[in-house]
Amino acid sequence: YYILVTTCISGLLVATVVARADIIHLMYLQPLNCLVLAWICDGRDIPGELLGRIRRVWNPYSVTALMLFALVPLLGALSAKNRVNTRHGAIATRSEDTVINYVQARVPVGEQILVYPYLPLYYYGRRTRVVLFESGFSQKIPHSWPATSVNALTQDPVGDYIVRNYRMCQALTSPLQWRFLYMVRKDTPCT
């Protein structure tokens, strides 16, 4: 059991480090890694005096390392000084978010929008009057999904549908400098 679980988790870790080595993706795996860490820190099933000596150093080190990993997103959140009032309360961002303010000013409460293709924090779904279209998304694919085939990049039926049926009203920028096109159906005016 120990060997099977540790091997699977190690494979996930190696795949993450090779393809997407950033703090967010490493933190996604952290709950699984903590299982193996608990086995090592407890050490009841692993005999030998050597492990007992190693644990005296390993346990404080692992607690310190986990605290430092937790500080990275915490410091990012604490350094976010730009306040944005949303319909569900105030949030803090690192820099100005033109997307939220623009959309809130033009989309009535309760109306759903589509954010395409990626940012789920902005996504509200269904057939909509308004679309936030991230036109530069294809530039992120080689970094995030390096094994993606060229055919998958050249064929985007949803993006093609949006371009055919919606028109751009305004170009917007998120705090991470992602560029969005605020688009409405061609039969509706820009507001």
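The values are calculated or read from the model by the stated rules, or taken from the named source; none is laboratory data. Bear in mind that the values here come from a model prediction, so they are computed numbers and not experimental data. Cβ sites come from the backbone with ideal geometry, for glycine too, and all protein chains shown count toward neighbours. For the accessible areas, the whole protein counts, side chains as well, though only heavy atoms, and no ligand, DNA or RNA atoms are used. Shrake-Rupley method; radii C 1.70, N 1.55, O 1.52, S 1.80 Å.
A few notes on this one:
- Kirkwood Rh, Cα atoms: Rg over Rh of region 1-47: 1.04
- Taking amide H as placed 1.01 Å from N in the peptide plane, residue 115 has its amide H under 5 Å from the amide H of 124, 125, 132, each at least 5 places away in sequence or on another chain.
- Label point at residue 58 placed 7 Å out along Cα→Cβ; residues across region 13-30 whose backbone nitrogen lies under 17 Å: none
- Within the chain, helix-based [θ] at 222 nm, where runs of 4 or more DSSP H residues each add -39,500 (n - 2.57), nearest 500: -16000 deg cm²/dmol
- Top of 47, 157, 60 by mean-square fluctuation, Gaussian network on the chain, Cα under 10 Å: 47
- Of the three principal axes defined by the Cα atoms of region 143-191, the extents in descending order read 40, 28, 8 Å.
- Centroid-to-centroid separation of region 23-72 and region 148-180 [C-alpha atoms, Å]: 42
- Percentage relative contact order, the chain, counting C-alpha pairs under 8 Å, at least six apart: 15
- The trypsin sites (Lys or Arg not before Pro) of region 103-191 that meet both conditions, a loop assignment by DSSP and at most 12 other Cβ atoms within 10 Å of the site Cβ, are 126, 127, 186.
- Calculated from backbone phi, Karplus (6.51, -1.76, 1.60) coupling profile of region 142-151 in Hz, x at Gly/Pro: x, 7, 7, 10, x, 8, 5, 6, 5, 4
- On full extension, the segment bounded by residue 87 and residue 38 gains 13.5 nm, given 0.36 nm per residue less the C-alpha separation.
- Taking only Cα atoms of region 7-89, radius of gyration then Dmax in Å: 17.5, 59
- Computed on region 36-101, with alpha-carbon pairs under 8 angstrom and 6+ residues apart, the relative contact order is 19 percent.
- Going through (1) 1.03; (2) 1.11; (3) 0.97, the figure that equals Rg/Rh (Cα atoms, Kirkwood Rh) as computed for the structure here is (2).
- Checking every one of the trypsin sites (Lys or Arg not before Pro) in region 14-56 against DSSP loop status and a limit of 14 other Cβ atoms within 10 Å picks out 44.
- Coil-residue chymotrypsin sites (Phe, Trp or Tyr not before Pro) of region 126-161, DSSP, other Cβ within 10 Å capped at 10: none
- Long hydrophobic helices in the chain: the complete DSSP H runs spanning 18 Å or more by Cα along their own axis with mean Kyte-Doolittle hydropathy of at least -1.0 are 2-19, 23-42, 49-78.
- Net length available on complete extension from residue 24 to residue 140 is 40.2 nm, with 0.36 nm assigned per residue and the Cα-Cα distance removed.
- Once the 1.4 Å probe is applied to the protein heavy atoms, region 1-115 comes out at 69 Å² accessible per residue.
- Region 110-191, accessible surface, carbon-and-sulfur percent (1.4 angstrom probe): 57
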